[in-house]
1. Could you go through region 271-281 and let me know if any residue there is free of Cβ contacts under 8 Å to residues at least 40 places away in the same chain, of a type outside the set (K, R) and under 27 Å from H170 (Cβ atoms).
2. Which one of the conditions (1) surrounded by 13 or more Cβ atoms within 10 Å (Cβ to Cβ); (2) assigned to a helix (DSSP H, G or I); (3) in contact with a strand residue (DSSP E or B) (Cβ under 9 Å, 6 or more places away or on another chain) does F200 fail to meet, given that it meets all the rest?
3. Is it the case that region 305-312 has a residue that's at positive phi, surrounded by fewer than 20 Cβ atoms within 10 Å (Cβ to Cβ), of a type in the set (A, V, I, L, M) and touching a residue at least 12 places away in the same chain (Cβ under 8 Å)?
4. Can you tell me which of (1) in contact with a helix residue (DSSP H, G or I) (Cβ under 7 Å, 6 or more places away or on another chain); (2) at pLDDT 80 or above is the one G141 doesn't meet?
5. Mind listing whichever residues of region 203-230 are of a type in the set (A, V, I, L, M), touching a residue at least 24 places away in the same chain (Cβ under 8 Å) and out of contact with any strand residue (DSSP E or B) (no Cβ under 9 Å at 6 or more places or on another chain)?
6. Quick check on my filter: what residues within region 178-198 are hydrophobic (A, V, I, L, M, F, W, C) and either under 18 Å from the mean Cα position of the chain (by Cα) or more than 16 Å from D284 (Cβ to Cβ) (or both)?
7. Any idea which of G318, G264, G243 is under 30 Å from I81 (Cβ atoms), modelled with pLDDT under 95 and not aliphatic (A, V, I, L, M)?
Amino acid sequence: MSGVTVSAYGLRFVAECLKTYLGRSWPFFAVALCGMLLHLVLAVKMKTVRAGDAWPVSKVLWLILICMALTVCNPFPVRKIVPRFGMTTVYYRVFWVFPLTAGAAWYLTLLWTRQKKKITGLLLFGICLAALVFLVPLNPGVENLLSRTALPTNVYKVDGAVPGLCSAVHEDYERTREYAAAMEELAGADLKSAEGAELFASSLPRCIFPFKLEFAVRQYDAGIALSFDRNMRLYYEGNRSTGLSYKGNRTYRQCALILRGMYGLDDTISEKEMKRCLKKTGTDYLIVETELANRLLLERSGCELVTQSAGYDIYRFGLTKA
């Protein structure tokens, strides 16, 4: 849903999220959400939301709705306040916050438990479940009704090069002195504490991948740290949909210099500058397309070729073999 921002759509933002993500099935979810809101209003009016000292689901759903109205669904704080904290104004999965999922589970449970005859409750539950599975295709529309009976394929599988490259990075990193030292520190650390979590994060190999692989690596391997954060890399690639700017960000400038250097996009970059930026960002590995790698600058900057795999070169920097 790139480009669907609160800044651009304001109060229509939630509707645009539903339309963009759910395709032509969005009216069903909109009606279901309206039905839940109506039920909540009636529950308050009829004073049925109290249940002793416990918080019934109705009250929890109302709390979620109020929080959303004050935060992600409110264009003023998202436009003016959120960017000041370095946060994006794009919510790709804002609909997960909707009380729709929790509400649907609640209503299905009520449908089952409120029936005097269990067979009636089971039958109604089965009908609703079948309707959700077969009559509400997420994309692209109702014309795919019959195809919904087939199991979906893994259309979001990662690039075939990603597993091999990640494995090669881990294998090489685990043979370095830095890895051994990090493991010794972690052995005596409390990983549940903030210090322990920070120590664990610093023990991971930090890499820069080609853009077409980096987001797959981010999802595939949590054991690899990336020098670019998500929004920063999007900004480098020319995507301004997040609403953030990194023009004055030092880490961004350093990472951008490394990318330009490893691809030979800037002839003015010296070995000294390249080495300085690699140290400042803590980058341990550079993965670059074999045919595009600026080998001369990389080698003169202290990068060592580890291996070539699936059309990519893996360079190691600043690590010592054990």
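The values are calculated or read from the model by the stated rules, or taken from the named source; none is laboratory data. Fair warning: this is a prediction, and the values are worked out from it, not measured in the lab. Using ideal geometry, Cβ is built from the backbone for each residue, glycine included, and neighbour counts are taken over all protein chains shown.
1. Yes, some residue in region 271-281 is free of Cβ contacts under 8 Å to residues at least 40 places away in the same chain, of a type outside the set (K, R) and under 27 Å from H170 (Cβ atoms).
2. Of (1) surrounded by 13 or more Cβ atoms within 10 Å (Cβ to Cβ); (2) assigned to a helix (DSSP H, G or I); (3) in contact with a strand residue (DSSP E or B) (Cβ under 9 Å, 6 or more places away or on another chain), only one is false for F200: (3).
3. Quick first cut of region 305-312, residues at positive phi only: 310-311.
If we keep only those that are surrounded by fewer than 20 Cβ atoms within 10 Å (Cβ to Cβ) as well, we get 310-311.
Checking which are of a type in the set (A, V, I, L, M) leaves us with 310.
After this cut, where a residue has to be touching a residue at least 12 places away in the same chain (Cβ under 8 Å) as well, the list is 310.
Yes, region 305-312 contains a residue that is at positive phi, surrounded by fewer than 20 Cβ atoms within 10 Å (Cβ to Cβ), of a type in the set (A, V, I, L, M) and touching a residue at least 12 places away in the same chain (Cβ under 8 Å).
4. Failing condition for G141: (2).
5. So in region 203-230, the residues of a type in the set (A, V, I, L, M) come out as 204, 208, 213, 216-217, 222, 224-226.
Cutting the leftovers down to touching a residue at least 24 places away in the same chain (Cβ under 8 Å) gives us 208, 213, 216-217, 224-225.
Hit for region 203-230 is A216, nothing else.
6. So in region 178-198, the residues hydrophobic (A, V, I, L, M, F, W, C) come out as 180-183, 186-187, 189, 191, 194, 197.
Within region 178-198, L186, A187, A189, L191, A194, A197 qualify.
7. G243
Matching residues to (1) assigned to a loop (DSSP other than H, G, I, E, B); (2) in contact with a Cys (Cβ under 8 Å, 6 or more places away or on another chain); (3) modelled with pLDDT under 70; (4) not assigned by TED's automatic domain parsing to the domain that holds A30:
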| residue | (1), (2), (3), (4) |
| --- | --- |
| P77 | no, no, no, no |
| T88 | yes, no, yes, no |
| A102 | no, no, yes, no |
| L123 | no, no, no, no |
| S167 | no, no, no, yes |
